[in-house]
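Below is one structure, written out as structure tokens, with a few remarks after it.
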Amino acid sequence: MVNTSKSYKIIYVVLFILLGIFVYQSSSFKEDIYDFSETYNFSNAWKMSIEGSNIQEIINLPYSTFKNKKENIISIENTLPKKDIRSPHIRVGSSQQSFKIYIDDKLIYSFDSMRSVNHGKTGGAIWKIVEIPKDSLGKTIRIDFKSSYLRTSGYLSKIKLGTKDQLVAELFSETIVDQIVSISLLILAIFVMYIDIKVKSGGIKSNHVYLMLIILCISIWISAESQFYVFIYNNYILNYYIQFIVLFSFPIFLYKYLLLEYDLKPRNLILTLYKLHIYLITLLMIGQLLGGITFYEGQWLFLVIFFTTFLISIISIAYQSKYNLRLRKLLEILIIIFICLTLDYFFYNIKGNLVKVSFINIGTIIIEILITIEMYKVFSKLNEEKNRGRYLEWQLNYQLRHYSFIEEKNMMLKRYRHDMTNHWMLVNRLIKSDKFDLAEEYSGKMAEKLIGEENLILDTGNPILDAILTEKIQKSKSLNIDFLNEIIISKGIKIDPIDCCIIFVNILDNAIEACAKLDNKRYIKINLSSKENMLICKIKNSINPKNLINKDYKTTKQDKDKHGFGIANVKKSIEKYNGYIDINHNLDYFEIMFVLYDV
């Protein structure tokens with residue numbers, strides 16, 4: 001076994017050396033790294049002008065100005081580079097803007113930005129990839145932007161030039177990170193559902209349904225905001241509705257979750273915040289439908305109300321969290337959300353120029369980590385409880401079999417007593433007939449039978465240990481395994497029944513499993529003794545030299561869920577008693593020695 005382990009280490013070293021050779025061979029081949037962000041960058045030196053004013057500036061995109069007004073044209077103009085582009089396209093960004101593209105004052109493309117379905121107002125955010133005539137290269141391009149809102153009337157996105165494939169690939173590379181964050185949230189929602197099903201044994205608690213809806217809202221909003229939707233359904237009008245509806249729904253699910261999950265006081269406060277946002281989303285949806293107020297216009301009212309209600313809920317929870325660990329953890333998450341939302345919207349108008357990160361994404365990743373850690377703790381606790389329940393079931397079964405076995409042996413002893421007169425009469429006749437050898441042989445067989453049956457029943461003073469050892473001795477006997485025991489322990493050993501079951505059942509089952517693979521020389525030896533407050537145990541069994549022992553000493557049976565919880569659980573139980581375990585093995589035997597203290 002030792003030689004095999006060394007041979008594997010040598011193989012690993014050889015593989016590592018070979019890997020180094022391959023890396024060295026490939027280092028001589030170098031090419032420029034593909035960088036989508038630098039391919040045909042057409043965002044510099046644009047001439048900007050604003051309709052109805054004398055403003056004319058040379059700018060680099062993206063660019064934002066507050067000098068324009070709503071429904072007023074802001075134009076940018078440049079000369080298309082004379083590049084050899086097989087099928088030239090241009091990528092233009094629209095944020096609540098309509099735009100028109102001209103080549104030498106000839107209109108080649110027009111985008112109305114939802115005006116036909118948004119009551120004449122612009123709406124939605126999208127990147128448009130527009131084909132331009134190949135003979136346009138070297139000519140003057142002008143793009144006129146117009147927005148229904150003052151806030152976006154002066155925002156100009158970057159412009160990129162290239163083939164359609166290049167621009168699509170570039171857009172994909174720019175949005176994939178946000179989409180990964182979005183997908184990770186979906187996975188987290190599924191994980192929450194899985195944990196809940198495990199806890200409820202097939203059901204889902206209503207409070208966790210709202211938690212999943214909260215996570216899904218954030219996931220969908222990040223995906224919609226990133227523009228990755230063009231690779232999924234590419235409907236910017238639908239994306240506009242989805243983006244704002246999930247945004248407006250978020251506080252509803254949040255406050256409902258708080259109501260169901262936590263005993264917050266005053267409860268009516270959170271209930272009022274919950275109802276307020278239901279009324280608000282209803283008002284905004286009716287306003288969008290009838291044209292009184294668009295979702296984009298309504299979001300600013302929503303944000304003012306949401307930030308106010310969110311701050312109120314944080315203050316309320318902070319006041320109650322002093323002596324409540326669960327509320328303190330909740331408070332941490334809410335504060336992270338509040339800070340990230342505040343930073344993201346604070347930099348809303350200038351982040352295109354100055355801030356290249358999404359604070360919401362950063363906050364989302366932090367919250368995901370916190371929630372995942374908590375869910376992992378819950379999952380670990382569930383597994384621990386599941387194992388504990390299984391060991392309790394084992395313990396009960398061992399006790400029942402033990403008591404049944406004792407009852408059976410008691411009945412046999414009663415039958416022996418009933419026949420004892422006849423046995424002694426026969427022995428007496430043999431002696432009177434001077435057949436001393438036969439009398440000795442007959443009485444010896446009687447004694448062996450009685451002693452053999454008695455030895456099958458152990459009495460260590462610990463009923464659980466007695467049950468386990470008796471059952472394993474019976475099982476070994478049925479498999480023709482010699483079970484040798486030397487047990488000298490004091491009565492009243494203080495070991496938890498669950499730990500007793502975990503330690504001795506795992507070790508003895510593994511020993512029986514190993515012996516069963518042998519054709520001969522099957523044996524198990526157990527030495528168990530106590531000294532002062534220590535319990536000392538050594539269990540040794542024969543093994544098949546042809547069977548490799550894996551590193552974790554796990555069972556080789558197919559139904560691993562029902563067998564061989566492993567030495568890891570044994571070690572965990574031993575550690576509870578400040579004990580230690582020592583494992584030795586060679587080609588012929590496997591030996592475990594452990595000590596428990598304070599028992």
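The values are calculated or read from the model by the stated rules, or taken from the named source; none is laboratory data. What you see is a predicted model; the values in this text were computed from it and never measured. With ideal geometry, Cβ positions are generated from the backbone for all residues, glycine too; neighbour counts draw on all protein chains shown. Ligands, DNA and RNA are stripped out before the accessible areas are found, and what is left, the full protein with its side chains, is counted by its heavy atoms. Shrake-Rupley method; radii C 1.70, N 1.55, O 1.52, S 1.80 Å.
The set of residues in the range 24-51 being open to solvent by less than 90 Å² (accessible area, probe 1.4 Å) and either at pLDDT below 85 or touching a helix residue (DSSP H, G or I) at 6+ places or on another chain (Cβ under 9 Å) (or both) consists of Ser26, Ser27, Asp35, Phe36, Ser37, Thr39, Tyr40, Asn41.
Residues that are surrounded by 16 or more Cβ atoms within 10 Å (Cβ to Cβ) and more than 46 Å from the chain's Cα centre (by Cα) were ranked within the range 56-68; the one that is farthest from Arg151 (Cα to Cα) is Ile59.
In the range 286-314, which residue that is over 36 Å from the mean Cα position of the chain (by Cα) and surrounded by 13 or more Cβ atoms within 10 Å (Cβ to Cβ) is farthest from Phe244 (Cα to Cα)?
Going through the range 286-314, the residues over 36 Å from the mean Cα position of the chain (by Cα) turn out to be 286-294, 297-298, 301.
The next check asks that each one be surrounded by 13 or more Cβ atoms within 10 Å (Cβ to Cβ); those that pass are 287-288, 292-294, 297-298, 301.
Details: Gly287: 13, Gln288: 11, Gly292: 16, Ile293: 13, Thr294: 10, Glu297: 11, Gly298: 9, Leu301: 13 Å.
In this case the residue turns out to be Gly292.
Yes or no: the range 461-472 includes at least one residue that is surrounded by fewer than 16 Cβ atoms within 10 Å (Cβ to Cβ) and either assigned to a helix (DSSP H, G or I) or touching a residue at least 40 places away in the same chain (Cβ under 8 Å) (or both). No.
Tyr155 - would you say it is within 27 Å of Ile242 (Cα to Cα) and open to solvent by 10 Å² or more (accessible area, probe 1.4 Å)? In short, yes. Exactly one residue among Ile101, Ile90, Ile58, Ile74 is touching a residue at least 12 places away in the same chain (Cβ under 8 Å), among the hydrophobic types (A, V, I, L, M, F, W, C) and more than 23 Å from Gln227 (Cβ to Cβ), and that residue is Ile58.
Restricting to the range 234-248, name every residue that is closer than 16 Å to Thr122 by Cβ and hydrophobic (A, V, I, L, M, F, W, C). Show your work before the answer.
Step one: of the range 234-248, the residues closer than 16 Å to Thr122 by Cβ are 236-237, 239-241, 243-244.
Once the filter is applied, which keeps residues that are closer than 16 Å to Thr122 by Cβ and hydrophobic (A, V, I, L, M, F, W, C), the range 234-248 yields Ile237, Phe244.
For the range 86-94, state whether one or more residues are touching a Lys or Arg at 6+ places or on another chain (Cβ under 6 Å), of a type in the set (Ser, Thr, Tyr) and open to solvent by less than 10 Å² (accessible area, probe 1.4 Å). Looking through the range 86-94, none of the residues is touching a Lys or Arg at 6+ places or on another chain (Cβ under 6 Å), of a type in the set (Ser, Thr, Tyr) and open to solvent by less than 10 Å² (accessible area, probe 1.4 Å).
So in the range 161-170, with the set limited to residues that are open to solvent by less than 10 Å² (accessible area, probe 1.4 Å) and in a helix (DSSP H, G or I), which one is nearest to Asn361 (Cα to Cα)?
Applying the first criterion (open to solvent by less than 10 Å² (accessible area, probe 1.4 Å)) to the range 161-170 yields 161-162, 167, 170.
Okay, now just the ones that are also in a helix (DSSP H, G or I), so 167, 170.
Working: Leu167: 24, Glu170: 20 Å.
Applying the filter and picking the extreme gives Glu170.
Which ones in the range 95-112 are β-branched (Val, Ile, Thr) and open to solvent by less than 20 Å² (accessible area, probe 1.4 Å)? Please lay out each step first, then the result.
Start the filter on the range 95-112 by keeping residues that are β-branched (Val, Ile, Thr), which leaves 101, 103, 108.
Correct list: Ile101, Ile103.
One line per residue, one yes/no per condition, for (1) in a helix (DSSP H, G or I); (2) among the polar types (S, T, N, Q):
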position: Ser249; (1), (2): yes, yes
position: Phe253; (1), (2): yes, no
position: Leu259; (1), (2): yes, no
position: Lys265; (1), (2): no, no
position: Asn268; (1), (2): yes, yes
position: Leu273; (1), (2): yes, no
position: Thr282; (1), (2): yes, yes
position: Met285; (1), (2): yes, no
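Only one entry of Asp582, Asp519, Asp598 meets the criterion of being modelled with pLDDT of 90 or more and out of contact with any helix residue (DSSP H, G or I) (no Cβ under 9 Å at 6 or more places or on another chain), and that entry is Asp582.
Here is the figure for the range 479-494: residues that are within 45 Å of the chain's Cα centre (by Cα) and modelled with pLDDT under 85 total 3. Note on the range 287-324: residues that are within 21 Å of Ser148 (Cα to Cα) and not in a helix (DSSP H, G or I) amount to 4. Exactly one residue out of Ile222, Ile215, Ile187 is within 29 Å of Ile362 (Cβ to Cβ), modelled with pLDDT under 90 and open to solvent by 50 Å² or more (accessible area, probe 1.4 Å), and it is Ile187.
Taking the criterion of being open to solvent by less than 50 Å² (accessible area, probe 1.4 Å) and closer than 17 Å to Val304 by Cα, the only residue of the range 233-245 that qualifies is Phe244.
For Ser476, the criteria (1) open to solvent by 60 Å² or more (accessible area, probe 1.4 Å); (2) among the polar types (S, T, N, Q); (3) at pLDDT 85 or above hold in every case but one, which is (1). Here the range 522-544 is the region considered, the condition is being open to solvent by 50 Å² or more (accessible area, probe 1.4 Å) and modelled with pLDDT of 90 or more, and the residue that is nearest to Asp459 (Cα to Cα) is Asn527.
So is Ile574 modelled with pLDDT of 90 or more, in a helix (DSSP H, G or I), within 40 Å of the chain's Cα centre (by Cα) and within 21 Å of Thr460 (Cα to Cα) or not? So Ile574 passes the test.
Is there a residue being without any contact (Cβ under 8 Å) to a residue 40 or more places away in the chain, assigned to a strand (DSSP E or B), among the aliphatic types (A, V, I, L, M) and under 17 Å from Ser75 (Cβ atoms) anywhere in the range 152-160? No, every residue in the range 152-160 fails to be without any contact (Cβ under 8 Å) to a residue 40 or more places away in the chain, assigned to a strand (DSSP E or B), among the aliphatic types (A, V, I, L, M) and under 17 Å from Ser75 (Cβ atoms).
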